[in-house]
Amino acid sequence: MNPDKIDYDIKTERLFLRPLQNEDVPKMFAILQKYPDITKFMSFEPPKKVEETRGFFYESQKSFPEKSIRWGIFLEGKFVGIIALEGIERKMRAWITETAEIGYWLSPEFHNQGIMTEAGKAVLGFGFERLKLHKITINHISENIASQKVIEKMGFRYVGEMKDHFFRSKKWMSDKLYEMNVDEFNAQ
């Protein structure tokens with residue numbers, strides 16, 4: 001597969017997803033400043049300076065598109081969040097894997113509108129149809145019931161819970177894992 005021949009823009013009924021650009025950095029930073037609780041269940045703390053967010057952007061560019069694709073989510077032209085295919089893996093030694101993991105966050109002012117479910121289904125389609133992946137996984141902190149509902153609406157199959165998977169916010173947290181393979185996606 002030639003990544004140069006893939007159109008990475010995605011359009012849905014209401015949304016436009018395009019790979020993150022430098023101009024998105026101030027928008028990301030502003031949302032994370034206004035709603036620092038977004039990171040409560042994430043692997044990073046709210047950025048204190050725009051340079052931290054710019055660093056995230058530059059790091060994402062280094063692995064694009066072979067290992068990760070991070071899209072800005074736009075609703076009526078307004079930046080509202082991020083969705084990504086991370087850890088794209090085609091082969092591991094003798095194994096053909098063709099896998100990736102979805103990650104996301106959305107500005108709280110746009111929660112409960114089906115935006116992340118719509119974006120997630122579009123990214124699943126992109127991963128299976130354009131990138132020819134075989135399996136896509138997703139996980140959430142066990143306490144994050146809102147994320148669990150989004151994942152279930154996207155059609156993922158529950159795999160199991162990793163107890164006390166990491167330490168954050170002064171306690172051990174568990175993580176729930178889900179997956180979907182291309183046949184499951186096509187059967188939806």
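The values are calculated or read from the model by the stated rules, or taken from the named source; none is laboratory data. In this text the structure is predicted, and so the values were computed from the model without any measurement. With ideal geometry, Cβ positions are generated from the backbone for all residues, glycine too; neighbour counts draw on all protein chains shown.
Of GLU89, GLU59, all but one fail to be over 14 Å from the mean Cα position of the chain (by Cα) and at pLDDT 95 or above; the exception is GLU89.
Could you go through the stretch 92-103 and let me know if any residue there is farther than 30 Å from PHE29 by Cβ, exposed (fewer than 13 other Cβ atoms within 10 Å of the Cβ) and at pLDDT 95 or above.
Looking only at the stretch 92-103, we keep the residues that are farther than 30 Å from PHE29 by Cβ, and these are 92-99.
So of that shortlist, the ones also exposed (fewer than 13 other Cβ atoms within 10 Å of the Cβ) come out as 92-96.
Among the residues that remain, those that are also at pLDDT 95 or above are: none.
The answer is no; no qualifying residue exists.
Scanning the stretch 81-99 for residues that are touching an Asp or Glu at 6+ places or on another chain (Cβ under 8 Å) and closer than 18 Å to LEU17 by Cα yields LEU85, GLU86. Within the stretch 161-188, the set of residues being in contact with a strand residue (DSSP E or B) (Cβ under 9 Å, 6 or more places away or on another chain) and either on the phi > 0 side of the Ramachandran plot or of a type in the set (Val, Ile, Thr) (or both) comprises ASP164, VAL182.
Could you tell me how many of the residues in the stretch 66-81 are surrounded by 15 or more Cβ atoms within 10 Å (Cβ to Cβ) and farther than 17 Å from LYS11 by Cβ?
Our first condition is that a residue be surrounded by 15 or more Cβ atoms within 10 Å (Cβ to Cβ); within the stretch 66-81, this holds for 67-75, 79-81.
Retained after the next criterion (residues that are farther than 17 Å from LYS11 by Cβ): 67-68, 70.
Of the residues in that region, 3 qualify.
The helices (runs of 4 or more DSSP H) found wholly in the stretch 111-188 and carrying at least 3 residues that are aliphatic (A, V, I, L, M) and surrounded by 14 or more Cβ atoms within 10 Å (Cβ to Cβ) occupy 115-125, 145-154. If you scan the stretch 21-41, which residues turn out to be surrounded by fewer than 16 Cβ atoms within 10 Å (Cβ to Cβ) and either in contact with a strand residue (DSSP E or B) (Cβ under 9 Å, 6 or more places away or on another chain) or more than 30 Å from LYS176 (Cβ to Cβ) (or both)? Once the filter is applied, which keeps residues that are surrounded by fewer than 16 Cβ atoms within 10 Å (Cβ to Cβ) and either in contact with a strand residue (DSSP E or B) (Cβ under 9 Å, 6 or more places away or on another chain) or more than 30 Å from LYS176 (Cβ to Cβ) (or both), the stretch 21-41 yields GLN21, ASN22, GLU23, PRO26, ALA30, THR39, LYS40. In the stretch 40-55, the qualifying residues are those that are in contact (Cβ under 8 Å) with a residue 24 or more places away in the chain and not in a loop (DSSP other than H, G, I, E, B), and the one that is nearest to ASP164 (Cα to Cα) is PHE41. Considering the stretch 12-54, and only residues there that are aromatic (Phe, Trp, Tyr) and over 22 Å from GLY114 (Cβ atoms), the residue that is modelled with the lowest pLDDT turns out to be PHE44.
Taking residues in the stretch 131-157 that are free of Cβ contacts under 8 Å to residues at least 40 places away in the same chain, and partners anywhere that are in a strand (DSSP E or B) and of a type in the set (Lys, Arg), the pairs with Cβ atoms closer than 8 Å and at least 6 places apart or on different chains are ASN139/LYS176; SER142/LYS176; GLN148/LYS176.
For the stretch 42-65, filtered to residues that are more than 27 Å from SER174 (Cα to Cα) and among the hydroxyl-bearing types (Ser, Thr, Tyr), the residue that is surrounded by the most Cβ atoms within 10 Å (Cβ to Cβ) is SER63.
Say whether the condition of being more than 17 Å from the chain's Cα centre (by Cα) and of a type outside the set (D, E, K, R) is met by at least one residue in the stretch 99-111. Break it down into steps so the answer makes sense when it comes.
Initial filter on the stretch 99-111 (more than 17 Å from the chain's Cα centre (by Cα)): 109.
Pick out the ones that are also of a type outside the set (D, E, K, R) and you get none.
Taking every residue of the stretch 99-111 in turn, none turns out to be more than 17 Å from the chain's Cα centre (by Cα) and of a type outside the set (D, E, K, R).
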